[in-house]
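One structure is given here, and the rest of the page talks about it.
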Amino acid sequence: MMNLYKPVTIGSLTLPGNLFLAPVAGYSNRAFRSICIEQGADFTCTEMVSSEALTRKGVRTELLLPRAENEIRYAVQLFGSEPEVMYRAALLLAPWRPDAVDINCGCPVPKVVKTGAGSALMRSPEKLGRVVAAVVRASNESLGGVPVTVKIRSGWDAASLNYRECGRAAGESGAALVCLHPRTRTQGYAGRSDWFQIADLVSRLAVPVAGSGDLFSPEDAERMFRETRCAAVMFARGAMGNPFIFAAARALLSGDTWRAPIPRERFETAFRQLVLLARDVGEGLACREMRKQFCAYTKGINGGAALRNRLIHADTIEEYQVILDCSPLG
Ligand SMILES: Cc1cc2nc3c(=O)[nH]c(=O)nc-3n(C[C@H](O)[C@H](O)[C@H](O)COP(=O)(O)O)c2cc1C
């Protein structure tokens, strides 16, 4: 059987494998990225960071930028609509030494698209190209020429599928990788992603193409590699509360055996994530934020519902610890 787990070269950057964690606002903070790396993710990306906020020195942005201690390589994702602002924002990333800068051309959220950023950039491939060129220039001037990557959707709506034009514009403007999440802006996250479009883009671009969309199991990743010939896959919702998906996918792709984590290991991993998150955002917020994650971590576990009922009332790390330690499930 062919080994589908392999290195990926993105411009001057070579990654050991092709299993990436997607940028996911509200989830892919550095605590979770750290856990995903521990569990085998080959490349990670920050949540999207506003170029406007960054250039205005927004405080929250500072929280979004640092890498995790075990995060040897990472990308910072920027969003914005103005080439000049994106250029200045990218220059400001220098102290963080990102290994790649990703440009968000897929966010469907009204607050973002009404500023012309996110998926709204796809309405003008020409402008998208100028944004990419501006960030490439900043990378060459102050980031050591690290690769610039671009994450796009299928297009704005079903009547304006233009991932080919946008992918081409990105590549011609210096992007070293294009990631396609083949849903339109109008679709949001509903319906199925159309992987045929990933295969189509792979066949048309000279630069590597990563695939995103509906990767909820290791088997999905294997199927995406086979059906699209993409260079890398990006897990998003499928990794939330299930960072084990990276090691599982790697084993499947390499033909190795893999043992699913027992409940106790799941709890310990979730608990470590909570502690890491508390270090960054404080205990109260971390405990509230982790509720949704613990729900996912305990999904499918025998007695998980009763456990979740208790966990949703936990306000301190100690309470989490007591509930998880006392759990008879581990
Ligand atoms: C809650 C949420 C937040 C997201 N935030 C981002 C983001 O900040 N930047 C980005 O490029 N994509 C973002 N995405 C899109 C994902 O990276 C991914 O492309 C999409 O979820 C499709 O993959 P999936 O079907 O496997 O989840 C987000 C998706 C979700 C569900």
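Among the residues of the stretch 194-211, is any out of contact with any helix residue (DSSP H, G or I) (no Cβ under 9 Å at 6 or more places or on another chain) and under 30 Å from residue 295 (Cα atoms)? First the steps, then the outcome.
Kept after step one, since they are out of contact with any helix residue (DSSP H, G or I) (no Cβ under 9 Å at 6 or more places or on another chain), are these residues of the stretch 194-211: 194, 203.
Now restrict to residues that are under 30 Å from residue 295 (Cα atoms): 194.
Yes, the stretch 194-211 contains at least one residue that is out of contact with any helix residue (DSSP H, G or I) (no Cβ under 9 Å at 6 or more places or on another chain) and under 30 Å from residue 295 (Cα atoms).
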Any hit, the stretch 10-19, residues being in contact with an Asp or Glu (Cβ under 6 Å, 6 or more places away or on another chain), open to solvent by 40 Å² or more (accessible area, probe 1.4 Å) and within 15 Å of the ligand (Cβ to nearest atom) | no
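Name every residue in the stretch 283-328 that is in a loop (DSSP other than H, G, I, E, B) and touching a residue at least 12 places away in the same chain (Cβ under 8 Å), in order of residue number. Lay out the reasoning, then the answer.
As a first pass, look at the stretch 283-328 and keep what is in a loop (DSSP other than H, G, I, E, B): 298-303, 312-316, 327-328.
Of everything in the stretch 283-328, those that are in a loop (DSSP other than H, G, I, E, B) and touching a residue at least 12 places away in the same chain (Cβ under 8 Å) turn out to be 298, 299, 301, 302, 303, 312, 314, 315, 316, 327, 328.
So which residues in the stretch 216-255 are basic (Lys, Arg), free of Cβ contacts under 8 Å to residues at least 40 places away in the same chain and touching a strand residue (DSSP E or B) at 6+ places or on another chain (Cβ under 9 Å)?
We begin by selecting, within the stretch 216-255, every residue basic (Lys, Arg); these are 223, 226, 229, 237, 250.
Narrowing further to those that are free of Cβ contacts under 8 Å to residues at least 40 places away in the same chain: 223, 229.
Correct list: 229 only.
Residue-wise test of (1) within 16 Å of the ligand (Cβ to nearest atom); (2) more than 28 Å from residue 88 (Cα to Cα); (3) in contact with a strand residue (DSSP E or B) (Cβ under 6 Å, 6 or more places away or on another chain).
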residue	(1), (2), (3)
24	yes, no, no
27	yes, no, no
35	no, yes, no
43	yes, no, yes
54	yes, no, no
For the subset of the stretch 215-253 comprising residues that are open to solvent by less than 10 Å² (accessible area, probe 1.4 Å) and part of a strand (DSSP E or B), which member is nearest to the ligand (Cβ to nearest atom)?
-> 235
Hits in the stretch 23-52 - residues which are open to solvent by 20 Å² or more (accessible area, probe 1.4 Å) and of a type in the set (A, V, I, L, M, F, W, C) = 24, 25, 37, 48
Can you find a residue in the stretch 193-204 that is assigned to a loop (DSSP other than H, G, I, E, B) and surrounded by fewer than 16 Cβ atoms within 10 Å (Cβ to Cβ)?
-> no
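The values are calculated or read from the model by the stated rules, or taken from the named source; none is laboratory data. All of these numbers come straight from a predicted model, not from anything done at the bench. Virtual Cβ from ideal backbone geometry, glycine too; neighbours counted across all protein chains shown. Areas reflect the complete protein model, heavy atoms only, side chains present, ligands, DNA and RNA absent. Shrake-Rupley method; radii C 1.70, N 1.55, O 1.52, S 1.80 Å.
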